[in-house]
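The values are calculated or read from the model by the stated rules, or taken from the named source; none is laboratory data. Note that this is a predicted model, so its numbers are computed, not measured. Positions of Cβ are generated from backbone atoms using ideal geometry, with glycine treated the same way; all protein chains shown enter the neighbour counts.
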């Protein structure tokens, strides 16, 4: 993974098409290395999550090309490599696992990112009905050590529609995404045991994914 980190550091300093085209062979080499990593990680995840059996891990990496059409940031390339793994592919409207490699900002995540309104309503309903079960997952000793809290980047400031402001568990119902993440240092990413650490984090977060899958079923 050192080569991937090195390339990402380079592209962050040279984020333009001319440099990228000159260094395209280097990109293709690290892209292949990342796909190799995903293939090995997929095998580890299958040991505890057989719902991933029908996906091709070498097709799960997100494109490095940025969509700049509606962005003020016109840099053409991402400065990270990422991939999502879920039952039907890349975590699109379903719980799964996400790996993000970026110098100084690498992490693994799990849960469900920005579910549509129908699925979000079902998740909130399930949390409302089974609050103790949900809290048991979040407060599990091993889970909490790796994932201290739900990501609150898009959390509502007021009660969601259909729930009173004084609902006893209103704080858990304000989220629009139900995801958790665990950060890794560059040294950890470059370490030979990195895949095992990522797989262990994913195994820990599977209980959250299972809860969310049941909610939206």
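Scanning the stretch 147-176 for residues that are assigned to a loop (DSSP other than H, G, I, E, B) and within 30 Å of residue 197 (Cα to Cα) returns 147, 148, 149, 150, 151, 152, 153, 154, 155, 175, 176. Entry remark, the stretch 110-128: residues being surrounded by fewer than 19 Cβ atoms within 10 Å (Cβ to Cβ) and part of a helix (DSSP H, G or I) number 8 in total. Take residue 183 and tell me if it is closer than 19 Å to residue 151 by Cα, outside any helix (DSSP H, G or I) and in contact (Cβ under 8 Å) with a residue 24 or more places away in the chain. In short, yes.
Just wondering, is there one or more residues in the stretch 55-72 that are in contact (Cβ under 8 Å) with a residue 60 or more places away in the chain and part of a loop (DSSP other than H, G, I, E, B)? Lay out the reasoning, then the answer.
Applying the first criterion (in contact (Cβ under 8 Å) with a residue 60 or more places away in the chain) to the stretch 55-72 yields none.
No: the stretch 55-72 contains no residue that is in contact (Cβ under 8 Å) with a residue 60 or more places away in the chain and part of a loop (DSSP other than H, G, I, E, B).
The sole residue among 165, 176, 157 that is under 21 Å from the mean Cα position of the chain (by Cα) and over 15 Å from residue 209 (Cα atoms) is 176.
State whether one or more residues within the stretch 180-190 are over 28 Å from residue 121 (Cβ atoms) and out of contact with any strand residue (DSSP E or B) (no Cβ under 9 Å at 6 or more places or on another chain). Checked the stretch 180-190: at least one residue is over 28 Å from residue 121 (Cβ atoms) and out of contact with any strand residue (DSSP E or B) (no Cβ under 9 Å at 6 or more places or on another chain). Of everything listed in (1) part of a loop (DSSP other than H, G, I, E, B); (2) closer than 26 Å to residue 90 by Cα, the single unmet condition for residue 107 is (1). Restricting the stretch 48-79 to residues that are surrounded by fewer than 17 Cβ atoms within 10 Å (Cβ to Cβ) and touching a helix residue (DSSP H, G or I) at 6+ places or on another chain (Cβ under 8 Å), the residue that is nearest to residue 199 (Cα to Cα) is 48. Restricting 158, 131 to residues that are surrounded by fewer than 17 Cβ atoms within 10 Å (Cβ to Cβ) and more than 26 Å from residue 49 (Cα to Cα) narrows the list to 158. Checking the structure you have, find out if any residue of the stretch 207-215 is surrounded by fewer than 17 Cβ atoms within 10 Å (Cβ to Cβ), at pLDDT 95 or above and part of a loop (DSSP other than H, G, I, E, B). For the stretch 207-215, residues surrounded by fewer than 17 Cβ atoms within 10 Å (Cβ to Cβ), at pLDDT 95 or above and part of a loop (DSSP other than H, G, I, E, B): absent.
Among the residues of the stretch 1-39, those identified as over 21 Å from the mean Cα position of the chain (by Cα) and in a loop (DSSP other than H, G, I, E, B) are 14, 15, 16, 23.
Does residue 106 meet the test of being crowded, with 20+ Cβ neighbours inside 10 Å and more than 30 Å from residue 14 (Cβ to Cβ)? So that I can check it myself, show each step before the final result.
Values: crowded, with 20+ Cβ neighbours inside 10 Å: yes; more than 30 Å from residue 14 (Cβ to Cβ): no.
No.
Reported count of residues in the stretch 1-22, each being surrounded by 15 or more Cβ atoms within 10 Å (Cβ to Cβ), closer than 26 Å to residue 192 by Cα and touching a helix residue (DSSP H, G or I) at 6+ places or on another chain (Cβ under 9 Å), is 7. When the stretch 81-94 is filtered for residues that are part of a loop (DSSP other than H, G, I, E, B) and surrounded by fewer than 17 Cβ atoms within 10 Å (Cβ to Cβ), the ones remaining, listed by number, are 88, 92, 93.
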